[in-house]
Amino acid sequence: MPIKQNNSETDQGELLQAARQLADRIAQETDRIDCERRLPPDLVGEMAERGLFRLLVPRSLGGTELSLPDFLQVVRTFARVDGSTAWCVNQNNVFATASVIMPEKIAGEIWGERRAVVANGPPTSSVNAVPVDGGYRLSGTWDFSTGSGHANWLAALAPINPVNQQQSGLAAGENPRVMLIPKSEATFLEDSWQVSGLRGTGSFSFQVDNLFVPSGRTYDLADPRREDGPLYVIPRTLLFASGDATVALSIARSSLITAIELSQTKNPLRTSNLLQDQSTAQRLIGEGEAILQSADAFLGQSVSSIWKSACENQAVSTEERIQLRLAATFAIRKAAEVVDITYNLCGSSAIFASNPIQRQFQDVRVITQHIQGRLTNYETAGQFYLGLEPQGSF
């Protein structure tokens with residue numbers, strides 16, 4: 001029996017309008033976001049108040065439970081003005097889909113607060129969780145915690161290590177669990193996010209030392225879900241991937257706009273014609289447009305296909321998962337290719353911080369280094385199409 005989609009056109013329309021209004025204001029704050037390595041507290045507070053961090057939370061917990069295609073429209077709206085803001089919107093919202101597998105009590109405690117945001121990041125080899133009466137004693141460091149500046153909870157994946165075991169880390173532990181920690185109980189490493197792009201995501205590392213985490217604030221990634229909505233039958237890694245790819249494509253679109261606008265006023269050195277009148281510029285803009293539209297269409301087709309199956313069948317096939325994995329990786333890599341084209345076309349103008357393409361170039365390069373843009377994802381797809389057992393995350 002097909003699953004009924006819960007979100008209404010009214011919800012989607014109001015949220016898109018809110019996103020556009022806030023994106024216009026964020027566009028005026030991009031330098032501040034980049035310099036301070038966080039989203040402005042006043043704007044992020046308004047984003048949270050208007051429900052833009054509960055887009056994928058189930059309605060049973062007071063969320064919007066927006067469809068995946070509609071969610072990606074919101075991500076795209078922010079990404080066209082600032083990659084860091086859009087990255088936070090995607091990462092913080094997609095993690096919230098875990099609310100359907102964590103204990104219902106803690107899910108209600110977290111998302112009972114309208115401004116709730118959970119930040120999470122991968123564990124380092126130092127992480128260790130030891131079972132004790134009523135819970136676990138947790139120690140270690142976690143990196144890349146996107147949105148940590150505006151989050152109020154942290155999610156820390158940790159291996160469960162028996163008492164007195166000398167080794168720590170995921171390889172040594174058993175049955176890793178996610179530990180949910182109030183942000184106030186962790187220490188942040190303020191020098192840990194010195195990066196060239198997506199600086200405004202504030203993806204700082206955090207650490208705890210021998211912190212007691214009650215069992216009721218933990219869950220296993222393999223725990224059964226409480227909700228049957230289509231959002232929750234799509235693997236979370238693919239929700240992340242589709243959003244990350246949307247951010248990359250939107251940055252590439254903005255870079256094309258930047259290059260076109262510059263070409264209308266720039267006379268390259270030792271030439272008498274505007275850049276837009278040169279055949280090389282015309283060819284590169286046309287090539288960039290073709291690359292961008294093809295990658296965007298492939299991603300859109302793959303998202304539509306998997307969403308249709310999730311709604312109609314309450315399940316998604318391996319082929320649909322592989323196709324979305326392939327489309328998302330392709331989109332990220334091709335977005336970077338487009339930004340390279342526009343960056344080179346702009347010449348020395350592109351190296352100045354005052355030119356938006358400088359940040360676009362840095363941001364998209366950071367995205368290519370993320371697991372969702374990793375070249376080994378192509379190997380996963382290749383294994384499937386060769387009739388082999390695919391390896392990797394899909």
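The values are calculated or read from the model by the stated rules, or taken from the named source; none is laboratory data. These numbers were taken from a predicted model, which means no experiment stands behind them. Because the Cβ atoms are built from the backbone with ideal geometry, glycine has one as well, and the counts that use them run over all protein chains shown.
Within the stretch 91-138, the set of residues being in a strand (DSSP E or B) and over 25 Å from the mean Cα position of the chain (by Cα) comprises Asn128, Ala129, Val130, Pro131, Val132, Gly135, Tyr136, Arg137, Leu138.
One line per residue, one yes/no per condition, for (1) under 18 Å from Phe78 (Cα atoms); (2) outside any helix (DSSP H, G or I):
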| residue | (1), (2) |
| --- | --- |
| Ala252 | yes, no |
| Thr265 | no, yes |
| Pro268 | no, yes |
| Ile291 | no, no |
| Ser294 | no, no |
| Ser305 | no, no |
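Of the residues in the stretch 220-237, at least one is touching a Cys at 6+ places or on another chain (Cβ under 7 Å), in contact (Cβ under 8 Å) with a residue 24 or more places away in the chain and crowded, with 23+ Cβ neighbours inside 10 Å.
Check whether at least one residue in the stretch 281-291 is within 23 Å of the chain's Cα centre (by Cα), within 23 Å of Gln391 (Cα to Cα) and either surrounded by fewer than 19 Cβ atoms within 10 Å (Cβ to Cβ) or assigned by TED's automatic domain parsing to the domain that holds Arg333 (or both), and report yes or no. Write out each step before concluding.
Pass one, the stretch 281-291, residues within 23 Å of the chain's Cα centre (by Cα): 291.
With the extra rule that they be within 23 Å of Gln391 (Cα to Cα), the set shrinks to none.
Scanning the stretch 281-291, I find no residue that is within 23 Å of the chain's Cα centre (by Cα), within 23 Å of Gln391 (Cα to Cα) and either surrounded by fewer than 19 Cβ atoms within 10 Å (Cβ to Cβ) or assigned by TED's automatic domain parsing to the domain that holds Arg333 (or both), so the answer is no.
Within the stretch 48-57, if we keep just the residues that are surrounded by fewer than 24 Cβ atoms within 10 Å (Cβ to Cβ) and within 21 Å of Gly243 (Cα to Cα), the residue that is nearest to the chain's Cα centre (by Cα) turns out to be Leu52. I'd like to check something: does the stretch 167-177 contain any residue that is more than 17 Å from the chain's Cα centre (by Cα), more than 19 Å from Pro356 (Cα to Cα), outside any helix (DSSP H, G or I) and at pLDDT 95 or above? Yes, the stretch 167-177 has at least one match. Contact annotation: residue pairs with Cβ atoms under 8 Å, 6 or more positions apart or on different chains, pairing a residue in the stretch 168-183 that is assigned by TED's automatic domain parsing to the domain that holds Asp209 with a partner that is at pLDDT below 90 and of a type outside the set (Gly, Ala, Ser), are Ser168/Asn161; Ala172/Asn161; Ala172/Gln165; Gly173/Asn161; Glu174/Asn161; Glu174/Pro162; Pro176/Leu170.
Okay, residues lined up against (1) surrounded by fewer than 13 Cβ atoms within 10 Å (Cβ to Cβ); (2) free of Cβ contacts under 8 Å to residues at least 40 places away in the same chain; (3) not assigned by TED's automatic domain parsing to the domain that holds Leu324:
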site: Arg253; (1), (2), (3): no, no, no
site: Arg270; (1), (2), (3): yes, yes, no
site: Asn273; (1), (2), (3): yes, yes, no
site: Gln276; (1), (2), (3): no, yes, no
site: Ala297; (1), (2), (3): yes, yes, no
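Restricting attention to the stretch 362-394, and to residues there that are within 12 Å of Ile322 (Cα to Cα) and among the acidic types (Asp, Glu), which single residue is surrounded by the most Cβ atoms within 10 Å (Cβ to Cβ)?
By that ranking, first place goes to Glu379.
If you go through the stretch 189-228 and keep only what is within 17 Å of Ser148 (Cα to Cα), in a strand (DSSP E or B) and in contact with a Gly (Cβ under 9 Å, 6 or more places away or on another chain), you end up with Phe204, Ser205, Phe206, Gln207, Val208. Only a single criterion out of (1) closer than 30 Å to Ala27 by Cβ; (2) not in a helix (DSSP H, G or I) is not satisfied by Gly392, namely (1).
The residue list Ser145, Ser84, Ser125 contains one member that is among the polar types (S, T, N, Q), in contact with a Gly (Cβ under 8 Å, 6 or more places away or on another chain) and surrounded by fewer than 23 Cβ atoms within 10 Å (Cβ to Cβ), which is Ser125. Residues in the stretch 308-325 that are under 11 Å from Leu238 (Cβ atoms), of a type outside the set (S, T, N, Q) and in a helix (DSSP H, G or I): Ala310, Glu320, Arg321, Ile322, Leu324, Arg325.
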